[in-house]
Amino acid sequence: MKLTVKFKILPTKEQEKYLQETLNEYILTVNSIVQAMIDTQCVKFTSKDIQANLPSAVKNQAIQDAKSVYKKYKKTNKLPILKKPVCIWNNQNYKIADCLSFPVFVNGKTKRIKVKILLTDTSIAVIKSDDSKY
């Protein structure tokens, strides 16, 4: 069973600044990792290898995204350059309660920020799968 929750975030001006910095840094990081993969022909990176102002869990997600972009490059021989600011926090990085809590880089350190969210009754969808593991 999968649970999908849609909500709108309502960040303060300061939180919006941190989010924008994180989004831009994430895209720059993914593009630089892809370029490093092309230059070295090596796809094994860890968050320790990456110099970016991102929390290590987000760096690891950037590495996974870069591997995906690199695979696409290997198939088509065209280097895609990501431009749209985006960042991905996986289910190990964020928490949803009455607000959304996730890590960002603040003043040289990783810090969790809590952003208000707008959640409606129609925002939750439960998708049942045929997996009988549970």
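Within the group L23, L3, which residue is within 15 Å of the chain's Cα centre (by Cα), of a type in the set (A, V, I, L, M, F, W, C) and within 21 Å of K95 (Cβ to Cβ)?
Numbers: L3 fails: within 15 Å of the chain's Cα centre (by Cα).
Criteria check complete, one pass: L23.
Among the listed residues V34, V58, V30, which satisfies the condition of being under 15 Å from N93 (Cβ atoms) and either of a type outside the set (A, V, I, L, M, F, W, C) or touching a residue at least 40 places away in the same chain (Cβ under 8 Å) (or both)?
Values: V34 fails: under 15 Å from N93 (Cβ atoms); V30 fails: under 15 Å from N93 (Cβ atoms).
It is V58.
Looking only at residues that are of a type in the set (D, E, K, R) and outside any strand (DSSP E or B) in segment 94-132, which one is modelled with the highest pLDDT? Can you show your working first?
If we filter segment 94-132 for residues that are of a type in the set (D, E, K, R), which is where we start, we get 95, 98, 109, 111-112, 114, 116, 121, 128, 130-131.
Next, from what is left, pick out any that are outside any strand (DSSP E or B): 98, 121, 128, 130-131.
On the way: D98: 83, D121: 62, K128: 53, D130: 51, D131: 50.
Among residues in segment 94-132 that are of a type in the set (D, E, K, R) and outside any strand (DSSP E or B), the one modelled with the highest pLDDT is D98.
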Members of segment 73-88 that are outside any loop (DSSP other than H, G, I, E, B) and surrounded by 13 or more Cβ atoms within 10 Å (Cβ to Cβ): Y73
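Just to be sure, is A57 assigned to a helix (DSSP H, G or I) and closer than 29 Å to I9 by Cα? Give the steps one after another, and end with the answer.
Values: assigned to a helix (DSSP H, G or I): yes; closer than 29 Å to I9 by Cα: yes.
Taking the combined requirement at face value, the residue satisfies it.
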Selection from segment 1-54 of residues that are in contact with a strand residue (DSSP E or B) (Cβ under 9 Å, 6 or more places away or on another chain), part of a loop (DSSP other than H, G, I, E, B) and loosely packed, with under 14 Cβ neighbours inside 10 Å: M1, K6, T12
Filter result (closer than 19 Å to K83 by Cα and either touching a residue at least 60 places away in the same chain (Cβ under 8 Å) or of a type in the set (G, A, S) (or both)) within segment 44-55: A52
From K17, K13, K78, K74, residue being without any contact (Cβ under 8 Å) to a residue 40 or more places away in the chain, under 26 Å from C99 (Cβ atoms) and more than 19 Å from the chain's Cα centre (by Cα): K13
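Taking segment 64-90, which residues are of a type in the set (A, V, I, L, M) and more than 13 Å from E25 (Cα to Cα)?
Matches in segment 64-90: A66, V69, L79, I81.
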Failed item, numbered, when N91 is tested on (1) surrounded by 10 or more Cβ atoms within 10 Å (Cβ to Cβ); (2) at pLDDT below 90; (3) under 26 Å from Q15 (Cα atoms): (1)
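The values are calculated or read from the model by the stated rules, or taken from the named source; none is laboratory data. This is a predicted model, so every value here is computed, not measured. Positions of Cβ are backbone-derived with ideal geometry, glycine not excepted, and every protein chain shown enters the neighbour counts.
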